[in-house]
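Enquirer: Quick one: the structure is below, questions incoming.
Every number here is computed from the coordinates shown, using simple stated rules; none is lab data. What you see is a predicted model, and the numbers here were worked out from it, not measured in a lab. Heads up, the Cβs are rebuilt from the backbone with ideal geometry, glycines too, and the neighbour counts pull from every protein chain shown.
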Amino acid sequence: MRLSQYFLPLLKETPSEAQIASHRLMLRAGMIRQTAAGIYTWLPLGFRVLQKVEQIVREEQDAAGALELLMPTLQPAELWRESGRYEDYGEEMLRLKDRHEREMLYGPTNEELITEIFRQAVRSYRDLPKNLYHIQWKFRDEVRPRFGVMRGREFLMKDNYSFDVDKAASLVSYFRMFKAYMKTFKRMGLTPIPVRAATGPIGGDLSHEFHVQADTGESQLYFDSEIETLDENKLDPASPTVQDELLKWYAATDEKHDPAAFARVPEARRREARGIEVGQLFYFGTKYSAPMKATVAGPKGDTVAVEMGSYGIGVSRLVGAIIEAFHDEVGIIWPESVAPFRVGLVNLRPGDKECAEAGEQLYQRLMKAGIDTLYDEREESPGAKFAAMDLIGLPWQVVVGPRGLKQGVVEIKERKTGAKQELSPDAAVARLVGLR
Ligand SMILES: Nc1ncnc2c1ncn2[C@@H]1O[C@H](COP(=O)(O)OP(=O)(O)OP(=O)(O)O)[C@@H](O)[C@H]1O
Ligand SMILES: [Mg+2]
């Protein structure tokens, strides 16, 4: 992408409404703009990151055997009356009427709708297990939307729902998602902290939240530092002892915190930290299937309400959480897996014939090698160009300038470490291709 043709409205000033780094940086780097309180437009650069995050989530859901579908944002109120949540959900739910005076709502979550879809289609335990997911915008009329996309009113969530014949099978589905979540967040460069959590309006008796540590996080966590090195590959979701294995390491949100149990963790390993909740798992049995009559013929010819769980990931919140985890005083530092472009190619003197030719050639070669490159060929001061590149945080910068070219070299800079290296254009391309 040529920067002169791109849409990247950078801000020089720090926007006064932004209280935390990720919000400030997303506005300054031209990733988002606020449309209304807690409602954002994703500009091209931000949208690329959102799509990368979404794709990692999708790949790990698919790998775990979940099936993607797409439910609408608007739902009929009747479904929520069946579960009893229409009244319970309160002010957070955006309710509206269509032209026929039918009561509708903008979905804050989808347990009712998926249960309706399931009960229409599945009749026998032989068709179980099933695990269905979608990645769709949600609306929750939060009292205090803040921190940009971190706590929006409209936000993108991956939510899935598992259906099993009995509790034991449902817990296998639950821990399969546990594993998938660990993998998902690790692929984004994060160190997820899974903690025991309260269930809130979703209900049920088993729940874990996944957190990213950050001083600006809204949750209080208490955990054994050993949980940070948890290797999900060693967890067998089908093992009847998987729940106990996880209980070996203390990890809880403040609602579930048990000071006496925490005190038994060796002192050097006790951690109290703030966390950003990026995902949550719920096992809630028949909370929705019983009132909504989502039943199947069981193995003994009996009729059983299916056992369910639901699992959410805050896709749009993750973009903010990743920035909270990876930035410095001058800008964002994207992990490669979610970077909007891998390389920022800076031409210091686009008006100069040699620089223009060398820059263009490098750009063509990088693109041909399949490396997403943002080429800054604008007439701007070198200082402004470097500042822009550091701000938007692409993992690699390649700088083409008249002085280097005289010696037959360009400069490669790694954003994360600041380490610079001078290489011939050939070697620079080979290096960036090799790093992938
Ligand atoms: N207002 C919001 N803005 C952005 N992401 C959100 C918001 N609310 C929830 N999420 C994301 O969706 C995921 C699944 O939704 P869940 O129902 O667990 O949210 P929640 O527990 O109500 O979130 P929170 O406690 O942060 O309000 C959360 O883990 C979070 O990452
Ligand atoms: Mg939650």
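Enquirer: Only sites in a loop by DSSP and with at most 11 other Cβ atoms within 10 Å count here; which GluC sites (Glu not before Pro) in segment 302-378 make the cut?
Expert: Listed in order of number, the matching sites are E329.
Enquirer: Calculate one ³J(HN,Hα) per residue across segment 33-47 by plugging θ = phi - 60° into the Karplus curve 6.51 cos²θ - 1.76 cosθ + 1.60, and present them in order as whole Hz with x for glycine and proline.
Expert: 9, 6, 9, 7, 3, x, 10, 10, 9, 8, 6, x, 5, x, 5
Enquirer: Can you pull the one-decimal nm distance between simple spin-label points at E87 and L235, each 7 Å off the Cα toward Cβ?
Expert: Placing both labels 7 Å along Cα→Cβ, they lie 3.8 nm apart.
Enquirer: Among 23-32, 264-273, how do they line up by average Cβ neighbours within 10 Å per residue, starting with the highest?
Expert: 23-32, 264-273
Enquirer: Here's something else I'd like to know. With θ set to phi - 60° and the Karplus curve 6.51 cos²θ - 1.76 cosθ + 1.60, what are the ³J(HN,Hα) couplings of segment 301-317 in order, to the nearest whole Hz, using x for Gly and Pro?
Expert: x, 7, 9, 10, 6, 5, 8, 10, x, 9, 9, x, 10, x, 5, 6, 4
Enquirer: How high is the FRET efficiency between R403 and E103 when r is their beta carbon distance and R₀ equals 56 Å, given to the nearest 0.05?
Expert: The calculated FRET efficiency here is 0.20.
Enquirer: Quick check on the exposure proxy: order K183, K300 from fewest to most C-beta atoms within 10 angstrom.
Expert: Going from sparsest to densest Cβ surroundings: K300, K183.
Enquirer: Moving to a separate point now. Within the set K167/K300; K186/K287; K130/K179; K12/K413; K385/K413; K12/K385, which residue pairs have Cα atoms separated by over 21 Å?
Expert: K186/K287; K12/K413
Enquirer: Summing +1 for each Lys or Arg and -1 for each Asp or Glu, what net charge is found among the other residues whose Cβ lies under 14 Å from the Cβ of R2?
Expert: Around R2, the surrounding residues sum to -4.
Enquirer: Just to confirm my numbers, what's the Cα centroid distance between segment 362-382 and segment 176-238 in Å?
Expert: So the two Cα centres are separated by 38 Å.
Enquirer: Could you give the size of the charge dipole of segment 329-424 about its Cα centre, using +1 on the Cβ of each K and R and -1 on the Cβ of each D and E, expressed in debye and rounded to the nearest 20?
Expert: Roughly 200 debye for segment 329-424.
Enquirer: How would segment 59-157 be classified by its alpha-carbon gyration tensor: rounded, prolate or oblate, with rounded meaning a/c under 1.5 and the a/b versus b/c comparison settling the rest?
Expert: Cα axes put segment 59-157 in the oblate bin.
Enquirer: Now for a separate question. With +1 on each Lys and Arg Cβ and -1 on each Asp and Glu Cβ, how big is the dipole of the chain about its Cα centre, in debye rounded to the nearest 20?
Expert: 820
Enquirer: Just to be sure I understand the model, the point goes 7 Å from the Cα along the line to the Cβ. What's the resulting K353 to A268 distance in nm?
Expert: 6.8
Enquirer: Tell me what the chain gives for mean residue ellipticity at 222 nm when only DSSP H runs of n ≥ 4 count, each as -39,500 (n - 2.57), the sum divided by the residue total, rounded to 500 deg cm²/dmol.
Expert: -9000 deg cm²/dmol
Enquirer: Here's something else I'd like to know. Going through segment 2-87, which chymotrypsin sites (Phe, Trp or Tyr not before Pro) have at most 12 other Cβ atoms within 10 Å and a DSSP loop state?
Expert: Those satisfying the criteria are F7.
Enquirer: Average projected area of the Cα convex hull of the chain, in nm²?
Expert: Quarter of the Cα hull surface area: 24.6 nm².
Enquirer: Let me ask something else. Whose amide H sits under 5 Å from the amide H of G344, counting only residues 5 or more places off or on another chain, with H placed in the peptide plane?
Expert: When sequence neighbours closer than 5 places are left aside, the close amide H contacts are L374, W396, Q397, V398.
Enquirer: Let me ask something else about it. Can you list the residues, at least 5 places off or on another chain, whose amide H is less than 5 Å from the amide H of S219, using H built in the peptide plane?
Expert: Under 5 Å from the amide H of S219: G275, E277.
Enquirer: Charges on Cβ only, +1 for Lys and Arg, -1 for Asp and Glu, centred on the Cα centroid of the chain; of I332, S22, L74, which one is farthest towards the dipole's positive end?
Expert: I332
Enquirer: Between A121 and A168, what FRET efficiency follows from the Cβ-Cβ distance if R0 is 35 Å, with the result rounded to 0.05?
Expert: 0.90
Enquirer: Cβ neighbours within 10 Å, averaged per peptide: list 254-261, 398-405 in order, most packed at the top.
Expert: Descending packing order for the listed peptides: 398-405, 254-261.
Enquirer: Give the distance, in whole Å, between the Cα centre of segment 60-76 and the Cα centre of segment 384-408.
Expert: Their Cα centres are 42 Å away from one another.
Enquirer: So, one more: Mind listing the long-range amide H neighbours of E68? Cut-off is under 5 Å, sequence gap 5 or more, other chains count too, H placed in the peptide plane at 1.01 Å from N.
Expert: Y133
Enquirer: Below 8 Å, C-alpha to C-alpha, sequence gap of six or more: please give me the relative contact order for the chain in percent.
Expert: 16 percent.
Enquirer: Which whole-Hz ³J(HN,Hα) couplings does segment 136-145 yield from phi under the Karplus relation 6.51 cos²θ - 1.76 cosθ + 1.60, θ = phi - 60°, glycine and proline marked x?
Expert: After applying 6.51 cos²θ - 1.76 cosθ + 1.60, I find 8, 5, 10, 10, 10, 7, 4, 4, 10, x Hz.
Enquirer: Specify the residue with the greatest mean-square fluctuation among A294, A358, A121, computed from a Gaussian network of the chain linking alpha-carbon atoms under 10 Å apart.
Expert: Largest GNM mean-square fluctuation: A121.
Enquirer: In nm, to one decimal, how far is the T41 label point from the Q361 one, both placed 7 Å along Cα→Cβ?
Expert: Using points 7 Å along Cα→Cβ, the separation is 4.1 nm.
Enquirer: If each residue of separation counts as 0.36 nm, what is the full-extension length gain between V330 and K12 once their alpha-carbon separation is subtracted?
Expert: Separation in residues times 0.36 nm, less the Cα-Cα distance, equals 113.3 nm.
Enquirer: Next question, about the same structure. What net charge is computed for the residues neighbouring R271, neighbours being all others with C-beta under 14 Å from the C-beta of R271, Lys and Arg scored +1, Asp and Glu -1?
Expert: Every neighbour counted, the sum reads -4.
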